[in-house]
Structure formats: structure tokens, C-alpha cells
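Enquirer: First, the structure itself, so that you have it in front of you.
The numbers here are math on the coordinates, done by the rules we state, and not lab data. Predicted model, so just to flag it, every value in this text is computed and none were measured. A quick note on method: Cβ atoms are made from the backbone with ideal geometry, for glycine too, and the neighbour counts reach across all protein chains shown.
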Amino acid sequence: MIDKENKSDRRSEIWREDLRKALKAKERTGLTRVHMNELDPQVRCHNNEEVNLGLTPEQAQTEAKRCLDCAEPNCMGGCPVGIDIPTFVKYIEKGEFLNAAKTLKETSALPAVCGRVCPQEKQCESKCIYIQKMGKEPVAIGYLERFAADYERESGQMSVPETAPKNNIKVAVVGSGPAGLAFAGDMAKLGYSVTVFEALHEIGGVLKYGIPEFRLPNSIVDVEVEILRQMGVEFITDCIVGKTLSYDDLHDMNFKGIFIGSGAGLPRFMGIPGENLNGVMSSNEYLTRVNLMDAANPDSDTPVFFGKKVAIIGGGNTAMDSVRTARRLGAERAMIVYRRSEEEMPARIEEVKHAKEEGIEFFTLRNPMAYLGTEKGHVRKMILQVMELGEPDASGRRSPVEVKGVTEEIDVDLVIVSVGVSPNPLIPSSIAGLQVSKWGTVIVNQDTMQSDVKDIFAGGDIVRGGATVILAMGDGRKAAANMDEYIRGLKA
Amino acid sequence: MNKIISKEYYSDRVIKFEIEAPLIAKSRKAGHFVIVRVGDKGERIPLTIATADVQRGTITLVVQNVGKSSGKLCELNEGDYITNVVGPLGKATHIENFGTVVCAGGGVGVAPLFPIVEALKAAGNRVITVMAARSKDLIILEEQMAAHSDELIIMTDDGSYGKKGLVTNGVEEIIQREKVDLCVTIGPAVMMKFVSLLTKKYEVPTVASLNTIMVDGTGMCGACRVTVGGKTKFVCVDGPEFDAHQVDFDEMLMRLGSYSK
């Protein structure tokens with residue numbers, strides 16, 4: 001762990017001081033923020049390759065020069081996993097890219113993943129002195145994170161984080177998504193014997209079944225999982241805790257602590273007429289078919305619809321992932337239908353920008369009322385209610401209200417419903433005494449992630465109901481630190 | 001990876017597999033299903049567990065070769081491995097002493113009906129089993145069913161064995177003859193639809209075990225959704241058994257044809 005003292009020690013190392021002096025602050029702030037290299041929109045919407053191409057070493061070093069190596073680095077306060085941001089950025093400036101990667105791995109089990117999918121603009125970068133004090137674009141911390149992680153992976157010199165001597169205490173992890181992997185990494189570092197149980201046949205959870213290849217290649221996830229394996233973490237697929245193994249079974253197997261990171265499961269539907277027609281499905285189903293089951297590949301046994309006129313209902317990141325997937329699968333019209341205006345859209349700005357470049361149509365202030373089907377029961381049309389913005393609601397966003405009597409009809413042959421998820425009741429319902437909220441999320445102490453059942457900790461979407469990869473990882477890390485303390489307390 | 005311990009042909013298209021799966025064997029109950037995948041490019045398909053042997057650490061699946069994925073499974077032999085088997089999934093059958101229960105099974109639905117017959121009998125019910133198939137050679141588990149049923153009625157479409165007629169003919173005969181407290185039906189969706197229509201007419205409470213398209217089988221995708229009593233339910237986590245009289249079978253049949261060309 002990086003404590004405050006350690007951080008300022010690092011900052012006062014001679015190479016850091018020399019580096020700071022090498023350029024005047026004015027020269028640093030005079031540099032403009034780097035642009036991410038991207039695949040051409042006309043090319044990328046016909047393939048599944050990654051859109052963001054990463055930075056070159058020169059671009060990364062120049063961007064790293066912008067960082068002022070602040071004495072009080074506020075960026076770190078914006079990182080849920082507490083990455084030592086100035087240290088890794090300064091290693092990049094110095095050209096010691098492998099040391100930069102090592103610094104990332106001190107606190108993040110999945111740097112190449114986070115460098116791609118974290119909403120840095122809402123976290124570390126939003127706290128950067130450039131945006132806070134100077135009214136300029138923040139240091140591109142996310143791009144630099146990705147650069148360091150990719151550089152290390154491609155160098156073939158991947159470092160495995162150091163682990164404490166084995167303490168032979170077993171802990172179990174339920175679910176191999178970002179929360180579970182972050183937890184597993186930290187517990188392995190502390191010397192625990194960690195076993196991760198995964199319900200699906202692949203490790204990675206939402207990183208595999210949810211986030212598409214063009215945003216996060218599965219091979220990147222596999223490499224980060226492999227590092228955890230080398231740290232001694234054991235992975236068991238096709239095993240559902242609460243079904244295949246009970247809570248009591250885990251006790252019989254001598255697990256001293258259990259971390260639940262089972263994710264948000266059940267997709268929500270709107271309950272409108274025609275929603276069960278063929279060709280109407282959840283974004284979870286659509287993305288799982290394409291990402292996990294590789295259904296767009298002719299060799300795959302799993303089918304998927306190659307819609308020509310595809311509507312995605314919703315304005316979040318999952319909706320953007322779905323609509324851009326539909327485009328790549330040959331949609332002539334790929335449409336976002338969102339009931340508020342673009343300003344209220346929860347999706348990352350970058351995702352919206354990429355979607356627009358790829359020719360995605362945005363039907364904002366529209367809400368589906370019904371779907372009509374063919375004789376055979378396949379969706380052929382959607383009826384949209386036109387909306388306008390009213391007063392701000394509890395979330396602070398202006399709430400949409402119907403424009404009475406104004407509707408639109410649009411031809412569709414595939415509709416993807418992406419209006420959120422609710423937590424999967426499968427695990428909470430199988431453990432007696434585990435408290436759940438009225439939304440079905442597991443109730444934990446927010447400071448420790450510990451539940452009312454003392455040896456059970458939880459984090460990620462099963463606690464939050466639907467959040468981001470990095471918040472899930474932050475929960476996993478917090479749970480690891482507190483479970484360690486709890487288990488040490490048992491021995492005392 | 002789960003090893004196939006034995007393979008037995010009930011007919012050229014209906015095959016019984018005994019599969020090594022000690023944890024599932026231990027935790028499964030009547031009514032549960034598993035998700036199976038064959039090969040790295042394989043599809044995830046749900047199959048209801050027929051029986052299990054805790055001592056041997058095995059579960060038994062009865063598979064009808066009806067398509068690409070069931071076909072791939074049926075090509076596997078004793079000693080081969082199934083790429084993935086996960087479960088037990090779904091809610092177990094609610095078992096209690098209801099009184100007189102008619103268990104109506106058709107086709108391979110007879111296999112997952114067997115553990116329910118067994119459990120209902122053990123709970124003290126008078127169990128009358130009606131099993132139906134197109135012809136004599138497609139009748140499965142006759143001896144086992146007979147051993148756990150107070151009465152066994154066999155129906156064949158062509159009259160080559162038992163009585164000639166459909167499963168509904170057999171069920172109606174019993175309902176007209178004596179008071180029936182519950183009907184449990186498992187089989188092709190269209191068969192369950194007609195059993196349900198029949199028992200609704202006679203106001204006999206009926207439970208149907210639905211077999212819809214699934215991907216993950218744990219509630220994540222919603223591919224399996226059905227309308228029950230006007231509400232959307234997920235077969236994988238809310239079922240697979242539902243009050244048959246509330247199930248929209250026409251919608252279910254339509255959705256089963258989702259990906260058929």
C-alpha cells in the first residue's frame with residue numbers, strides 16, 4: 001500500500017527533483033493535451049478492432065511532461081484504487097516505462113483494462129490542477145495509464161507483483177468481474193490462498209461478456225488474469241456459489257472469508273406492449289451473444305440477429321456499446337432512443353463522440369411506447385412518444401415529460417433494451433442472514449464492505465446496483481484490506 | 001470439463017448420458033436444470049436433470065437430437081468430455097402431499113418428470129403417471145415410472161403400445177374418473193399448452209416445467225422470458241416451473257422459434 005509518507009518520499013527522490021527542474025512550469029503548461037490516435041470511423045465500423053490505438057512513446061513522454069508533479073496531487077484523491085499517479089507519470093516522462101507499469105500494479109490489478117474503460121474525466125482527471133485552477137484540459141492520465149500497461153505487455157517483460165509469504169488462509173471470491181479480480185489481487189499480495197468461483201465458462205465477468213472487443217479486447221483481460229494466476233490465485237469456472245456450492249460448503253472447505261462480487265444481473269425491461277416479440281432483447285443478451293459467445297463469427301453455434309434497422313433503448317455506456325456493435329454487425333440504421341436530451345446522457349462523452357463518428361443516429365427526447373410485430377412475431381416497428389424536458393428530478397437531471405399526443409413510428413428489425421439492470425438475487429437469496437435492500441443489493445458497511453454475516457464482504461454492482469469497473473475495483477480493494485483485518489482479528 | 005460415464009440409446013434420437021458432476025449431483029433437487037456447452041464454439045443450452053447418483057457423483061441427462069447443439073452433444077461417447085456443465089439451476093419443484101397428482105409427460109420430458117414422480121410418491125401422494133410418445137420405440141423409463149407410480153398409463157400416437165391417443169386423452173380420462181388435486185406436466189411446449197387448456201377446463205391446478213431458449217441460465221440475459229399472469233418472468237431464475245394456467249404458451253411457442261429460419 002502507498003501511504004502518504006511513502007508518496008512524499010518518492011516525490012523527493014533525486015531523479016524526481018531533477019526531472020521537475022528540467023522544465024519550467026510555464027513550459028509544461030504551455031504544452032497542449034495529446035489526442036488519442038483512433039482508427040478511422042469508416043474503417044472501424046466494418047470491423048471489430050479496437051477504436052483507440054494508444055499513444056506512441058513520444059506522445060506519452062510529451063504528455064507526461066505536462067504533469068506538474070504537484071506536492072499535493074489531488075488526482076490521486078479521484079482514483080478509487082489509489083494509484084500513485086504522479087510517480088507513474090514521471091516514470092513515463094523519464095522514459096522508464098516498465099517502472100511506470102510496476103507502479104500501476106502496486107494498487108491496480110487491471111491497469112490495461114482501467115486505462116481503457118475508466119471514466120477518468122469524472123475521476124482522477126477531473127481533480128487535475130489544469131482543470132481545477134487553470135481552466136485547461138487535464139493531463140491525460142487515462143491515456144498514460146493505458147500506454148504504460150500496453151508497453152509492458154508488449155515488451156514481453158511483464159512483472160508479477162510481489163506477494164507476501166503464504167499464510168495458508170483460504171478466502172473465496174464469488175464472481176470474476178472487476179470487483180472480484182481487484183479483491184483477489186490484493187489478497188494474494190497479502191499472502192492469502194485465493195479461489196475465485198465464476199458461474200460462466202470464462203473469467204472476467206462484465207469485462208468479457210459485456211464490454212465489446214472494439215473497446216476492450218478479451219486478450220487484454222486474459223493477460224491481466226494470467227498475472228493473477230501467476231500470483232497464485234486459483235480460478236474455478238462453471239461454479240455458482242449458492243447453487244453448485246452452498247455457503248456451508250465453503251465453510252466445510254475451510255474458507256475463512258468470502259467476498260461477493262457477483263455483479264448486477266437481471267436486465268430491466270419497460271413492460272410495454274410488444275416487448276416480448278422476437279428481435280427485442282436486453283443489451284445483456286445481445287452483448288453476451290456477441291462478446292462471450294462470439295455469435296457474429298460463422299463458426300460459432302450461438303445465433304444472433306444481424307439487424308438492418310436497429311434501435312437501442314437507453315443512453316448509458318452499455319447502450320453505446322450495443323449500438324456500435326449493431327453497426328459493426330451490418331446495421332444500415334443504428335439508432336439510440338433516449339428519453340432525455342443528450343446533455344443528460346449517462347454515457348461517457350468519448351463513447352457518444354465515437355458513436356456519432358460511426359454514423360449512429362440519436363433520437364433523444366423519445367420514449368418507446370410499444371413495438372409492433374410481423375405475423376410470425378418478429379418486431380417490425382416501434383412507436384415512440386415524443387418528450388420534452390421538465391423540472392429537475394431527484395437525480396438533479398431535468399425529467400422528461402410527454403408531449404401529449406405526439407408520437408412517431410420508425411421501422412426496426414432489432415430492438416435492444418438497455419435501461420439498466422437490477423442485482424441478481426441468486427446469491428443473496430441463498431445465504432441466510434444476509435441483508436438486502438429493497439432494490440435487492442447486498443447491504444454492507446460502506447467503510448469496510450463487510451455484511452451483517454461477519455465473514456461475508458461484498459462490493460461492485462451487487463452492492464451499488466449498477467456502476468463502473470473502477471468503482472467495483474475500489475470496493476474490491478477496500479474489502480480486501482478490511483477482510484485482512486477481520487481475519488487477523490480472529491487469530492488474536 | 002465433465003466426463004461422460006455412460007451413454008445409452010433409448011432410440012436413435014433419444015440418448016441417456018450419465019455425466020461426472022459430483023457437486024451438482026450432491027446439490028440438485030427434482031426440477032433443477034443444467035447449462036451444457038460442447039466445444040469452444042458451442043452454444044449454451046439448458047437441459048433438465050433426470051436423475052443423480054450422489055455416491056457415483058453423477059447426473060443423468062436425457063437428450064433428444066433435435067438441432068445443432070443437441071446433435072453435437074449426442075455425437076459424444078462414453079469417456080469423452082463435455083466442455084462445460086454448470087448447475088443446478090432454477091428453482092426446485094415444490095413437493096408436498098397434495099393428495100392425488102397426475103404427472104403428464106411427453107417425449108424426452110418424461111426424463112425430467114421422473115424425479116418429480118419419485119419425490120411426489122415419497123411425499124405420500126397418490127401418483128398417476130401418463131406418459132406419451134409417437135410410437136412404442138420412443139417410450140422411455142417405463143419400468144422406473146411404474147415402480148414409483150400408483151398407476152401408469154402409456155399413450156402412443158399410433159397405438160403401437162399402451163392406448164392409442166395423445167397425453168391429453170389419458171389425463172382427461174383420469175380427471176373424469178376421480179378427483180385430481182394437482183397436475184404436473186413436462187414435454188414439448190405445444191403438448192403442455194394442450195394439457196394446460198384441458199386441466200383449466202376441469203379446474204385442476206397445473207404446474208408446467210418450461211424449456212425456453214437461454215444463454216447464461218442465471219438471470220443475466222433475459223432470453224428465456226415468458227409471460228405468466230400478464231407479467232414477464234425469467235424461466236431460469238423464476239422457474240422453470242410455473243402455474244400452467246397463467247402461462248402464455250402461444251407467446252412461448254413464438255419465442256422458441258426466434259432463431260429458426
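Enquirer: Considering every pair of different Cα atoms, what Kirkwood radius, in Å, is found for region B:39-187?
Expert: Mean inverse Cα-Cα distance, inverted, gives 16.6 Å.
Enquirer: Under a point-charge model restricted to the Cβ atoms of Lys and Arg (+1) and Asp and Glu (-1), what is the dipole moment magnitude of chain B relative to its Cα centre, in debye to the nearest 20?
Expert: It comes to approximately 540 debye.
Enquirer: Across the residues of A:241-250, average count of Cβ atoms on other protein chains within 10 Å?
Expert: Mean inter-chain Cβ contacts per residue within 10 Å come to 3.
Enquirer: Using the 10 angstrom Cβ neighbour count as an exposure proxy, how do A:Glu137, B:Glu96 rank, fewest first?
Expert: B:Glu96, A:Glu137
Enquirer: A follow-up question, please. Sticking to Cα atoms, compute the Rg of region A:252-377 to one decimal and its Dmax as the biggest Cα-Cα distance, whole number, in Å.
Expert: 17.1, 57
Enquirer: Over 24 Å between Cα atoms: which of B:Lys7/B:Lys164; B:Lys193/B:Lys231; B:Lys164/B:Lys193 fall into that group?
Expert: Violating the 24 Å Cα-Cα cut-off are B:Lys7/B:Lys164.
Enquirer: What do you get when you divide the Cα radius of gyration of region A:343-417 by 2.2 N^0.38 Å, with N the number of residues?
Expert: 1.31
Enquirer: Follow-up. Given B:Gly124, B:Gly107, B:Gly67, which one lies farthest toward the positive end of the charge dipole of chain B, if we put +1 on the Cβ of every Lys and Arg and -1 on the Cβ of every Asp and Glu?
Expert: B:Gly67
Enquirer: I want the local charge near B:Ala147. Using Cβ-Cβ distances under 14 Å, sum +1 for each Lys or Arg and -1 for each Asp or Glu among the other residues.
Expert: Charge balance near B:Ala147 sits at -4.
Enquirer: Given DSSP loops and a limit of at most 14 other Cβ atoms within 10 Å, what is the longest stretch of chain A that contains no such chymotrypsin sites (Phe, Trp or Tyr not before Pro)?
Expert: In short, A:1-305.
Enquirer: Can I ask one more? When the helices in chain B are scored as -39500 (n - 2.57) per DSSP H run of 4 or longer and the sum is shared across all residues, what 222 nm value do you end up with, to the nearest 500 deg cm²/dmol?
Expert: Rounded to the nearest 500, the figure is -7500 deg cm²/dmol.
Enquirer: In bins 10 Å wide, starting from 0, what share of all Cα pairs of the protein assembly as shown does each bin hold, as a percent?
Expert: It works out to 3, 13, 21, 23, 19, 12, 5, 2, 1, 0, in whole percents.
Enquirer: Moving to a separate point now. May I ask you to give the average projected area over all directions of the convex hull of the Cα atoms of chain B, in nm² rounded to one decimal?
Expert: 13.2
Enquirer: Which shape class, rounded, prolate or oblate, goes with region B:150-194 when its Cα gyration tensor gives a ≥ b ≥ c as root eigenvalues, a/c under 1.5 marks rounded, and past that a/b bigger than b/c marks prolate?
Expert: In terms of gyration-tensor shape, oblate.
Enquirer: Please identify the chymotrypsin sites (Phe, Trp or Tyr not before Pro) of region B:189-248 that satisfy two criteria: DSSP loop assignment and at most 14 other Cβ atoms within 10 Å. Which are they?
Expert: Hits after loop and neighbour filter: B:Tyr202.
Enquirer: Number of Lys-Lys pairs in region A:269-417 under 21 Å by Cα, sequence gap 8 or more or different chains?
Expert: Value for region A:269-417: 8.
Enquirer: I need the phi-derived Karplus couplings for region A:368-383: 6.51 cos²θ - 1.76 cosθ + 1.60, θ = phi - 60°, integer Hz, Gly and Pro marked x.
Expert: Result, ordered by residue: x, 9, 6, 10, 10, x, 6, 4, 7, x, 9, 4, 10, 7, 10, 10 Hz.
Enquirer: Would you calculate the separation in nanometres between label points at B:Asp243 and A:Asp18, each defined as 7 Å from the Cα along the Cα-to-beta-carbon direction?
Expert: 7.9
Enquirer: With θ set to phi - 60°, apply the Karplus curve 6.51 cos²θ - 1.76 cosθ + 1.60 along region B:205-210 and write out the HN-Hα couplings as whole Hz, x wherever there is a Gly or Pro.
Expert: Working through the residues one at a time gives x, 9, 10, 10, 9, 8 Hz.
Enquirer: Could you grab the relative contact order for chain B? Cα pairs under 8 Å, six or more apart, rounded to a whole percent.
Expert: Relative contact order comes out at 16 percent.
Enquirer: Please rank A:Met335, A:Met270, fewest neighbouring Cβ atoms within 10 Å first, as an exposure proxy.
Expert: Sorted ascending by nearby Cβ count, the order is A:Met270, A:Met335.
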